[in-house]
1. Please indicate, with yes or no, whether at least one residue in the range 54-65 is modelled with pLDDT under 95, outside any loop (DSSP other than H, G, I, E, B) and crowded, with 17+ Cβ neighbours inside 10 Å.
2. Could you list all residues from the range 132-176 that are among the small types (G, A, S) and within 18 Å of P102 (Cβ to Cβ)?
3. For L83, are the conditions met, namely being within 16 Å of the ligand (Cβ to nearest atom), at pLDDT 95 or above and part of a helix (DSSP H, G or I)?
4. If you take the residues in the range 105-154 that are assigned to a helix (DSSP H, G or I) and of a type in the set (V, I, T), which one is nearest to Y89 (Cα to Cα)?
5. Out of the range 84-110, which residues are over 15 Å from the mean Cα position of the chain (by Cα) and open to solvent by 20 Å² or more (accessible area, probe 1.4 Å)?
6. Can you pull out the strands (runs of 3 or more DSSP E) entirely within the range 263-381 that have at least 3 residues that are out of contact with any Ser or Thr (no Cβ under 8 Å at 6 or more places or on another chain) and buried (at least 22 other Cβ atoms within 10 Å of the Cβ)?
7. In the range 214-230, what count of residues is obtained for those that are among the aromatic types (F, W, Y) and touching a helix residue (DSSP H, G or I) at 6+ places or on another chain (Cβ under 6 Å)?
8. Take the residues in the range 170-193 that are closer than 16 Å to A109 by Cβ and outside any strand (DSSP E or B); name whichever of them is most open to solvent (accessible area, probe 1.4 Å).
Amino acid sequence: MHDGTSSRSRGRNTRREFLKSAAAVAATGLSAALPLGCGGPKAKPNSRATAPTLSQVNGPRSLRAHAAAHGMLVGCAVNPDRLDGDADYARTVADQCSILVPENAMKWAALRLTAQQFDFRKADDVVVFALSHDQKVRGHNLCWHNALPGWFASTVTRGNAAQFLTQHIQTVAGRYAGKMHSWDVVNEAVDVKSGRPDGLRDSPWLELIGPGYLELAFRAARQADPSALLTYNDYGIELDTQEQIDKRGQVMMLVRRLKARGVPIDAVGVQSHLTAGDAPGAGLVHFVRELREMGLQVFITEMDVNDRKLPDSVPERDTAVAKTYRDYLTMMLAEPNVNTVLTWGITDRYTWLNGLAHASRPDGKPERPLPFDYDYSPTPAFFAERDAIDSRRTGAQPGGDPYAPFKPGQGSPRSQYE
Ligand code: 9MR
């Protein structure tokens with residue numbers, strides 16, 4: 001996968017190539033070259049009888065057009081190999097998204113096959129695609145306990161871990177500096193079950209560097225790319241179950257500690273991996289408002305709705321999944337500091353949920369968690385997501401700047417975590 005050159009010379013060469021190819025792609029208008037037709041949905045045993053036509057969901061009727069009209073960004077996680085190899089996928093992503101995030105291509109394991117070498121080819125492919133389709137890019141992620149390369153455990157020690165993390169962030173965030181909407185700087189650092197008073201997960205980074213690793217990562221990210229919005233991203237903080245209330249509280253305390261130390265953090269990512277029938281409630285809204293009072297944005301970063309608790313009937317599953325999208329997004333998008341929504345994939349064809357051995361449907365049927373189905377027909381979830389975008393009434397002006405500076409002030413809620 002890597003080309004055997006040193007990371008320094010590799011960095012210089014690929015940066016030139018990357019910038020050249022981004023400019024060339026933008027100049028030739030790759031978007032215009034992408035096929036517009038879908039080729040027609042193939043009959044699948046489990047698909048709906050009358051699928052909506054593409055013209056009902058494209059151009060001015062697309063998610064991205066509706067989002068733009070409400071001062072919002074909408075998008076999904078993408079796989080560069082599919083962007084390259086599946087024309088229907090590339091067309092759907094181009095049509096529907098104003099922001100992309102690589103599902104895996106910017107993780108440590110993807111970029112760092114050895115301790116000395118970086119391979120940016122797949123990550124660059126995502127950035128080039130996005131820039132050539134007038135889309136923003138989120139980076140995911142700079143520091144996580146998961147998706148670490150095989151060499152990590154035997155190479156990274158207490159003596160060199162801070163240096164490894166800092167250099168990684170300098171190299172990766174530095175490469176894309178000025179081009180990123182935001183970075184998930186630290187991912188999933190909170191785990192109540194780890195049993196620590198500070199709520200931090202028992203992870204390699206904690207073990208090797210100590211709790212200061214988060215501050216180190218955010219400061220390095222700000223230095224490497226001063227214009228990206230720096231995000232703490234986590235899951236399991238959406239519902240009002242006791243487990244999720246506790247975790248949300250620990251995330252809030254973590255953000256408060258970082259802010260109190262002047263650590264640069266701009267946003268919290270609420271991943272939003274939901275189950276059909278989940279009914280997030282007042283606790284999450286309160287959390288979002290409290291973050292707003294602190295000057296932070298909230299991004300919905302990884303939304304999907306699994307249907308594994310529902311019977312086989314496709315209409316029944318689609319209806320329940322769509323209702324969960326509608327209720328959740330309508331609630332969240334009423335908050336002015338929530339202006340960015342990404343789903344974890346765009347089509348059921350490639351959802352990570354169907355690769356899960358431990359949590360797939362008991363009947364073995366593929367899940368239908370996303371706005372487009374296996375054959376790229378829009379699902380009821382698409383229309384629920386679009387309606388929720390249209391329901392946004394926050395004073396955002398059509399065509400307004402989704403990055404307009406936050407104005408704290410009105411309606412300060414008392415912290416539920418004090
Ligand atoms: O969807 C991703 C899957 O393809 C990877 O194998 C996995 C490990 O890298 O990560 C999945 O994405 C996760 C994301 O990076 C962080 N939040 C949870 C996502 C789903 O597990």
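1. yes
2. Narrowing the range 132-176 to residues among the small types (G, A, S): 132, 139, 147, 150, 153-154, 159, 161-162, 173-174.
Matches in the range 132-176: S132, G139, A147, A173, G174.
3. On the way: within 16 Å of the ligand (Cβ to nearest atom): yes; at pLDDT 95 or above: yes; part of a helix (DSSP H, G or I): yes.
Taking the combined requirement at face value, the residue satisfies it.
4. Applying the first criterion (assigned to a helix (DSSP H, G or I)) to the range 105-154 yields 108-111, 121-132, 152-154.
When the remaining residues are screened for being of a type in the set (V, I, T), the result is 126-128.
Values: V126: 13, V127: 16, V128: 16 Å.
Out of the qualifying residues, it is V126.
5. Correct list: D84, G85, D86, A87, D88, D95, A109, A110.
6. Working: elements: 267-270, 273-275, 297-306, 338-343.
Strands (runs of 3 or more DSSP E) meeting the threshold: 338-343.
7. Pass one, the range 214-230, residues among the aromatic types (F, W, Y): 218.
When the remaining residues are screened for being touching a helix residue (DSSP H, G or I) at 6+ places or on another chain (Cβ under 6 Å), the result is none.
Result for the range 214-230: 0.
8. First, pick out the residues of the range 170-193 that are closer than 16 Å to A109 by Cβ: 171-172, 184, 187-188.
Of the ones still in play, those that are also outside any strand (DSSP E or B) are 171-172, 188.
Details: T171: 54, V172: 0, E188: 20 Å².
So, considering only residues that are closer than 16 Å to A109 by Cβ and outside any strand (DSSP E or B), the one most open to solvent (accessible area, probe 1.4 Å) is T171.
The values are calculated or read from the model by the stated rules, or taken from the named source; none is laboratory data. Since the model is a prediction, treat every value here as computed from it, not as a measurement. Cβ atoms come from the backbone with ideal geometry, glycine included; neighbour counts cover every protein chain shown. The area values use the complete protein model at the heavy-atom level, side chains included, leaving out ligands, DNA and RNA. Shrake-Rupley method; radii C 1.70, N 1.55, O 1.52, S 1.80 Å.
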